[in-house]
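K.L.:
What follows is a single structure, and I will ask about it in a moment.
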């Protein structure tokens, strides 16, 4: 895959994820859930803006300058602290819509994350540099979506780690 094709594919993936989060903002009644989806939609829009500027640069010059990507997603420790404050917010609420959106988000974030990892492995150095920040950021997105799913479903897991054992 060429760098140009990789950027175009990344734009398609980021658009899909952004649109999913924007739809979720409209469809989810829970204000905390809407806030999470709003932050994630904003992140994905920033990725789109960045990728579109890099595609334009590539078409004009045949090269790209890589700038560091920023993220608004907090550390896993802060996510844990904030989630602990929310205990009881799901009591008695129908969470089917939110869980469905989160499941879909997890699926598309996984596809996107795997694509970026593949690009870092397979592209020339210039392309690897372009996509390396995306790998870290998408892993953060996966972590926050997974944590929200775990919290809402009370699976006993937090960030894929078992929180308790019945034995």
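K.L.:
Could you tell me whether residue 41 is touching a helix residue (DSSP H, G or I) at 6+ places or on another chain (Cβ under 9 Å) and under 14 Å from residue 131 (Cα atoms)? Full working, then the answer.
P.N.:
On the way: touching a helix residue (DSSP H, G or I) at 6+ places or on another chain (Cβ under 9 Å): yes; under 14 Å from residue 131 (Cα atoms): no.
The answer is no for residue 41.
K.L.:
Further question: Kindly provide the set of residues from region 54-73 that are without any contact (Cβ under 8 Å) to a residue 12 or more places away in the chain and closer than 17 Å to residue 132 by Cβ, ordered by number.
P.N.:
65
K.L.:
Do we have any residue at all in region 38-50 that's exposed (fewer than 14 other Cβ atoms within 10 Å of the Cβ), more than 11 Å from the chain's Cα centre (by Cα) and assigned to a helix (DSSP H, G or I)?
P.N.:
So far as region 38-50 goes, yes, one or more of its residues are exposed (fewer than 14 other Cβ atoms within 10 Å of the Cβ), more than 11 Å from the chain's Cα centre (by Cα) and assigned to a helix (DSSP H, G or I).
K.L.:
Identify the residue in region 121-167 that is modelled with pLDDT of 80 or more and not in a helix (DSSP H, G or I) and, among all such residues, is surrounded by the fewest Cβ atoms within 10 Å (Cβ to Cβ).
P.N.:
For region 121-167, the residue satisfying everything is 124.
The values are calculated or read from the model by the stated rules, or taken from the named source; none is laboratory data. These numbers come from a predicted model, not from an experiment. All Cβ positions, even for glycine, are placed from backbone atoms using ideal geometry, and neighbour counts span all protein chains on display.
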